[in-house]
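What follows is a short report on a single structure.
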């Protein structure tokens, strides 16, 4: 991955992570947020792991297929960003809307051989509401970097970096929405 001027780069476990803020216009933020809130294909479940110990925890997610990506013009807007230029020629593996709630259990995990992109969807969010994304060392016993949940932020990172989210406070809005996109390296 390359070094660009408007994005903040981090090195975690000898792997790259990039952050870009204020990625989309407010108009597009609202269009995408409204799509996310009204999406009709949410389901309970989470396909990142088959670990039996984690199957008792259920999550609310919605996959975005080619039709939804076309309809929301997500790639048109994403390619206007510097991070979008990094993934422009990468093959999309899958795209998921994650909806987390207060008191939800979240596990550290990886996405081997993939580039992971996160986009924070909520239009408004206060730091006091928590909901950060945590990036760990290889042993998953220390936090190497924490990204606050900042609306209109994109994070691109090598999927081998162990990460999880910290659930939001009970004072926060009911749902913390994020978009997760996975690309071939």
Looking at 117, 134 in this structure, which one is part of a strand (DSSP E or B) and in contact (Cβ under 8 Å) with a residue 40 or more places away in the chain?
117
Do you know which residues across the range 133-144 are surrounded by fewer than 20 Cβ atoms within 10 Å (Cβ to Cβ) and under 26 Å from residue 36 (Cβ atoms)?
134
What about residue 176, is it out of contact with any helix residue (DSSP H, G or I) (no Cβ under 6 Å at 6 or more places or on another chain) and crowded, with 19+ Cβ neighbours inside 10 Å?
yes
Residue check for residue 94: loosely packed, with under 15 Cβ neighbours inside 10 Å and either under 17 Å from residue 7 (Cβ atoms) or touching a strand residue (DSSP E or B) at 6+ places or on another chain (Cβ under 6 Å) (or both):
yes
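Condition check ((1) modelled with pLDDT of 90 or more; (2) surrounded by fewer than 18 Cβ atoms within 10 Å (Cβ to Cβ); (3) in a loop (DSSP other than H, G, I, E, B)) across all residues:
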residue: 1; (1), (2), (3): no, yes, yes
residue: 4; (1), (2), (3): no, yes, yes
residue: 17; (1), (2), (3): yes, no, no
residue: 23; (1), (2), (3): yes, no, yes
residue: 77; (1), (2), (3): yes, yes, no
residue: 102; (1), (2), (3): yes, yes, yes
Is there a residue in the range 26-40 that is under 18 Å from the mean Cα position of the chain (by Cα), surrounded by 12 or more Cβ atoms within 10 Å (Cβ to Cβ), at pLDDT below 95 and assigned to a strand (DSSP E or B)?
no
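The values are calculated or read from the model by the stated rules, or taken from the named source; none is laboratory data. Values in this document were obtained by computation on a predicted structure and should not be read as measured data. Heads up, the Cβs are rebuilt from the backbone with ideal geometry, glycines too, and the neighbour counts pull from every protein chain shown.
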